[in-house]
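The values are calculated or read from the model by the stated rules, or taken from the named source; none is laboratory data. Small disclaimer: the values here were computed from a predicted structure and weren't measured. When we count neighbours, we look across all protein chains shown, and the Cβ atoms used for this are built from the backbone with ideal geometry, even at glycine. Ligands, DNA and RNA are stripped out before the accessible areas are found, and what is left, the full protein with its side chains, is counted by its heavy atoms. Shrake-Rupley method; radii C 1.70, N 1.55, O 1.52, S 1.80 Å.
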Amino acid sequence: MTRFPILLDIYQRGDGPLKRVERISLPEAGDYAIGRSSENQIVLDTPEISKRHAWLLVRDDGIAVSDRGSTNRTYIGDTEVDTSPWDGALPIRIAQFEIHLVPQTAAGAAATKVNVPQDNATRALASGPATGAPSPAPRGQSIEVALNAPNAPDEMRFPRNVFKNEIVSAEELKSSEYFVGEITYLSVGAGLGSFVWADHLRIFGVAKSDIRAIGDDIIPYANYQRLCRNSQIPPHERLRSNSISTPDNIWGFPGYASRETWKELKEFRFTGLKHIFQVFGEASLTQSFTPRSGEVFKSIDSEAQRIGWREMFVSGRVLGIRKTNDERYAVAYRVPEDQARGGVRERIMIGKFLHVATGYPATRFTDDLQAFKARFPEEARVFNAYENHEVVYRTAEQNKMPVTVVVRGRGIVASRIIQRLYEARKKNSGITIVHQMRNPIGAQEGYRYKRAQRYVYNHIENQAFNWPKACWGGQILREVERATPEERAKIYEAIGGTTTADRRDWRNIIQLGIGDGWYKPVFGHFETLELVKTDQGPKIQMKLKAQGSQPAAEVVADFVVDCTGLIGDISHSPCLRDLVETYRLPRNPAVSGAKVGGITVTPDYEITALRNGTGRAYAAGQITLGGPQPAVDSFLGLQYAALRSVDHLGILGAPNVSLFGPLRSFSQWIKWCTNATP
Amino acid sequence: MLPTLKGRWLTRILLFLWIGVPITFIFSLLVAGPRSPSLPFAGWHYDILPFQILSLLLLVGLILDPVYIYFQQFRWERDWPFAFQFFFSIVEFVIVLALVWWGVLDFTRPASQLHTSENYLLFTIHFACVFIPSFTALLGFVQIFMIRWRFKGGEWGRM
């Protein structure tokens, strides 16, 4: 006999050990759908989960689980199941999630009364009994675990229950229990894009009480830092960013190079002057200066303190955005478990000027690796470079046997991973690197744009930053800004592509590796990926298709690290997808391998389709990819977007946004230098 | 630096007005001073020479800018390193000296008063006084006042 409510703990495997992300309670028998899209009752919103992934069939006499033909399948313990009874002895495993049944005795002790009205099923389910130690959602993960009432019509669920129409009534929202307040400047995302926007607003004259930014983590660079850490950029390693790309300083002066020089000169280390010479000679005479990640994060901390970011930050995950009937925007969000008032986690805030900067929705896996992971979920052998894959280095370093690592992709991350493996070779000289690239590139085959051509070395195109420098200002930025969408697509085609930085140490590593035979480039697509048993344990066997002059090849490897990047496709974000669908927002042409481009914005970064009377909505960052500026996901790109939109607000006469002429600019810069509040 | 042609021209004019003219004015007074200690402006006739040199420098620069832009097209990054800027500023000055030597300013005064080694030394000191602060301004001081300048390829004004 099943005793209700049934308590389920949902764990997530991320960086480090399993973390409990949610405890949910199923109050009655029913068919509970598990999947990515919001019509499911148990929403696990991550790309590895299929839209309609599985059923959890809860009956009075027991529970069963049934896969719905999902891509990555459903498991009980290690056994793949189609439909199977579930007694809870082993967890249900779906992608990186594990669902555990809380034992009935524990449940009996813990299952306190759900203290919300029974008629509001959504609420009762969403809140669940608050038992045990609170387990906040893992930091910087774009995963939303939500429980919806079984068979509840879509319009009953938050925020659909209040966001019934394209334009919602502000009076109704204000009288609802969700309403928490009104604000003039409201940013969604609270990452670096929001931070830089808020920084500009503050410096242009807006008080911190008039700005709010809603997001997962109070540290604006939390997500970026996680990606850096995973892709092997610890604090002392340098980012691929320029000296004058300063998210902590809207003027870009002093840049990170002169700050680093100054710091070293204060300690009487005159070698610091080389940073200044780097800026002086880059990129023709010297390698470009790039700042250490740790220094950039410290500088952002300091600026956050100065502008009062703590007071502007609102913790929560944004679920929906609507225009209101009083020329503003309503933002629906859910706060973390520990901030729930009386179990209610849903909130609505109304803003006059909206800013959307939600960043990358997900990490990407190429299809063959995705399929391999699904077939052999127990084998921690295939990783995206942006997820935690320390196990690769740990195993490689501790192993006294030969270890082969396939590095896929030719971008900057691949370079950095190869450097890390080179360092690991000092502990185990049996490490071999197989560098898999789509196709060979001859020395004269670099990308061409107008009269210029990109430099190629070792089948890799070299470029200091992820776009040609003039994408951040000057000629190419001007050309892209003035081009029609079709012309833009052509320019992006010509200047895009994967590149790495021309770093002397990286070149030397590859030269050394080719000479000693532990670095081997291979070209082409994998035909098959198989797990094979060898004397040294299981390995991945890969077959490469013959391609042009490239013969077919076979590689037997211990690990594959996929360095092909992050998913920029905004449809992976339910909130953005809903926004795009509701207001039929125009999209940019596709660039950089994405199927569709970002949200179309004006050169002032306004989303014109969201204009609401005198209310204005702006966007920034990756979600605007393919628009008026190529380098949207860079520090300086975010600064440019923020400057354009805040300048636009100034011209519109938005409250307290100055026109920021030379005198105000200078006096604010002095305040920055003296660390005074703007 | 990521200049456009208009940006190069406007930045040149900006530095001419902000830095070149005031420094040349002070320079002229100082140079004139010892020659006529009783009347600070009595040396005005002589003082116009640094302004003539400064104007020639501006003119040569404005004419060369399209040439720089042409060569910039062949650079993949479409940038102009500070080192190039530094080097070509000196080249521009050498061109100005050559023009003076060739006689473009001969209409202003008798050749015996113009083509003296003392004058050529003064031109060089004057150039150094103008060039060093102008170049430093490009390294970052302009954007303290004009935040949009660096994105606009060196043009003034709003976005």
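Here are a few things to note about the model shown:
- From the options A:186, A:227, A:201, residue that is hydrophobic (A, V, I, L, M, F, W, C), more than 30 Å from residue B:137 (Cβ to Cβ) and in a helix (DSSP H, G or I): A:227
- Complete set of residues in the stretch A:424-449 that are farther than 27 Å from residue A:557 by Cβ and either outside any loop (DSSP other than H, G, I, E, B) or in contact (Cβ under 8 Å) with a residue 24 or more places away in the chain (or both): A:447, A:448, A:449
- Residue check: residue A:339 meets all listed conditions (1) modelled with pLDDT of 90 or more; (2) surrounded by fewer than 16 Cβ atoms within 10 Å (Cβ to Cβ) but one, namely (1).
- Residues being without any contact (Cβ under 8 Å) to a residue 60 or more places away in the chain, surrounded by fewer than 21 Cβ atoms within 10 Å (Cβ to Cβ) and either touching a Pro at 6+ places or on another chain (Cβ under 9 Å) or within 12 Å of another protein chain (Cβ to nearest Cβ) (or both) - total across the stretch A:464-489: 4
- Of the criteria (1) touching a Leu at 6+ places or on another chain (Cβ under 9 Å); (2) away from chain A (no Cβ under 11 Å); (3) not β-branched (Val, Ile, Thr), which one residue B:154 fails: (2)
- Extreme residue, least open to solvent (accessible area, probe 1.4 Å), among residues of the stretch A:260-306 that are within 14 Å of chain B (Cβ to nearest Cβ) and polar (S, T, N, Q): A:261
- Scope the stretch B:130-148; condition more than 16 Å from residue B:56 (Cβ to Cβ) and in contact (Cβ under 8 Å) with a residue 60 or more places away in the chain; matching residues: B:133, B:137, B:138, B:142
- Condition check for residue B:27: modelled with pLDDT under 95 and open to solvent by less than 40 Å² (accessible area, probe 1.4 Å): yes
- Residue B:97 being assigned to a helix (DSSP H, G or I), surrounded by 12 or more Cβ atoms within 10 Å (Cβ to Cβ) and modelled with pLDDT under 95: no
- Any chance residue A:345 is of a type in the set (Lys, Arg), at pLDDT below 95 and assigned by TED's automatic domain parsing to the domain that holds residue A:412: no
- Residues located in the stretch A:198-234, provided they are under 27 Å from residue A:560 (Cβ atoms) and more than 12 Å from the chain's Cα centre (by Cα): A:229, A:230, A:231, A:232, A:233, A:234
Residue-wise test of (1) open to solvent by 20 Å² or more (accessible area, probe 1.4 Å); (2) outside any helix (DSSP H, G or I).
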| residue | (1), (2) |
| --- | --- |
| A:590 | yes, yes |
| A:603 | yes, yes |
| A:631 | no, yes |
| A:639 | no, no |
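- Evaluation of residue A:232 against (1) within 14 Å of chain B (Cβ to nearest Cβ); (2) farther than 30 Å from residue B:82 by Cα (one fails), failing number: (1)
- Within the stretch B:51-66, residues that are closer than 13 Å to residue B:93 by Cβ have Cβ atoms under 7 Å from residues that are among the aliphatic types (A, V, I, L, M) and part of a helix (DSSP H, G or I) in these pairs: B:53/B:96; B:54/B:130; B:56/B:96; B:56/B:99; B:57/B:96; B:60/B:95; B:60/B:96, counting only partners at least 6 apart in sequence or on another chain.
- Residue match in the stretch A:239-250 (condition: open to solvent by 10 Å² or more (accessible area, probe 1.4 Å) and not in a loop (DSSP other than H, G, I, E, B)): no
- If the condition is being among the small types (Gly, Ala, Ser) and within 14 Å of chain A (Cβ to nearest Cβ), then the stretch B:93-145 contributes B:137, B:140.
- Selection within the stretch A:452-463 - facing another protein chain (nearest Cβ under 9 Å) and open to solvent by 20 Å² or more (accessible area, probe 1.4 Å): A:453, A:455
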